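Shown next, in structure tokens, is the structure this report addresses.
The values are calculated or read from the model by the stated rules, or taken from the named source; none is laboratory data. Given the structure is predicted, the values throughout are model-derived calculations rather than measurements. Every residue, glycine as well, gets a Cβ built from its backbone with ideal geometry; the counts of neighbours run over all protein chains shown. The protein model used for the area step is the full one, side chains on, heavy atoms only, and it has no ligands, DNA or RNA in it. Shrake-Rupley method; radii C 1.70, N 1.55, O 1.52, S 1.80 Å.
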Amino acid sequence: MSAHRKSGLVYGALLSLVGLAGCQHGPSINWGHLSRNQDSRVQFIVVHATEIDFPTSLQVLTRGDVSSHYLVDRDGTIYGLVPESRRAWHAGPSYWEGATPLNPSSIGIEIVSVPTGMPEATEAGFPEAQITAVERLVADIAQRHEVRPDRIVGHGEVQPEGRTDPGRLFPWQRLIAKGLVPTTDPRLVEQFTQDFQNHGLPDLNWVQSRLSLQGYQVPCTGDLDPPTRRVLSVFQGRYRQSLITGEPDVETLAILAALTSPGGRRVLSPTEGWRDFQPDPPLHSHCPSR
Ligand SMILES: [Zn+2]
């Protein structure tokens, strides 16, 4: 941070104090009757991977034309780049559970995913120190803003047109283990697997309807068109990371069926163990399932 920026912040803080005293700038406001009907502007947390090394990530996110609230380096250092009260430019044309675009209502976390000196978009795992920092940061943001587990998502999930980060190497199971994001009961996945193997796979109308129910923006065409394949691929990148071709195979559809069936989503509570998690009000699909 430059000295100029620092002095700007100090100056801003002084102005705020003056404002609190009610001396300057703007009308006098009586704040004595706060409404109980309010919640945080922050409804979503979007997890990214930078696909470039740390020095380049910092340059792009502070001096380029995009930004994020936080940048987590590979050694676990967390950099705050944009205050949470302000909008960062991290998600572009994005959609989740009917909300669009997500920049005004989300916190963006960029995770450095390429070791310094390696080529751009190198596929490398995330070091332990970095993932521990991400866990703590997501937990803290989710707790302070009461962000629902189903609203902590990957960038590719909310912008499947051209984005896949944080990618198939991001360990979502670590966030599941901390009770931050939902997962499904493996026994339910097994039941659907048996069902699909015995009776055949559901059709593409069903697939699109269930992807929509899960929160994705997907066309309701009944075809495995390129946008649907991209959504399936980012779904696999999160829930079935071994194969991310976008092919609607038995395993992929069994996981999707389990997640979107009544009682199919669960979150780990540190005190109560697994508990059923259903968004309230319930989500609905934008695609009819015939
Ligand atoms: Zn991203």
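Quick notes on this one:
- Identity of the residue in the range 40-58, more than 16 Å from the ligand (Cβ to nearest atom) and open to solvent by 20 Å² or more (accessible area, probe 1.4 Å), that ends up nearest to Asp280 (Cα to Cα): Gln43
- Looking at Arg87, Arg151, just one residue is out of contact with any helix residue (DSSP H, G or I) (no Cβ under 6 Å at 6 or more places or on another chain), modelled with pLDDT of 95 or more, of a type outside the set (A, V, I, L, M, F, W, C) and open to solvent by 40 Å² or more (accessible area, probe 1.4 Å), and that residue is Arg151.
- Which numbered condition Leu175 fails, given (1) surrounded by 22 or more Cβ atoms within 10 Å (Cβ to Cβ); (2) more than 16 Å from the ligand (Cβ to nearest atom); (3) not in a helix (DSSP H, G or I): (3)
- Qualifying residues in the range 132-172 (those that are in a loop (DSSP other than H, G, I, E, B) and of a type in the set (A, V, I, L, M, F, W, C)) - the one farthest from the ligand (Cβ to nearest atom): Val147
- Scanning the range 230-249 for residues that are in a helix (DSSP H, G or I) and closer than 20 Å to Ile176 by Cβ turns up Val234, Phe235, Gln236, Gly237, Arg238, Tyr239.
- Meets criteria (open to solvent by 40 Å² or more (accessible area, probe 1.4 Å) and without any contact (Cβ under 8 Å) to a residue 40 or more places away in the chain) for Glu120: no
- Extreme residue, modelled with the lowest pLDDT, among residues of the range 261-290 that are among the polar types (S, T, N, Q) and open to solvent by 20 Å² or more (accessible area, probe 1.4 Å): Ser289
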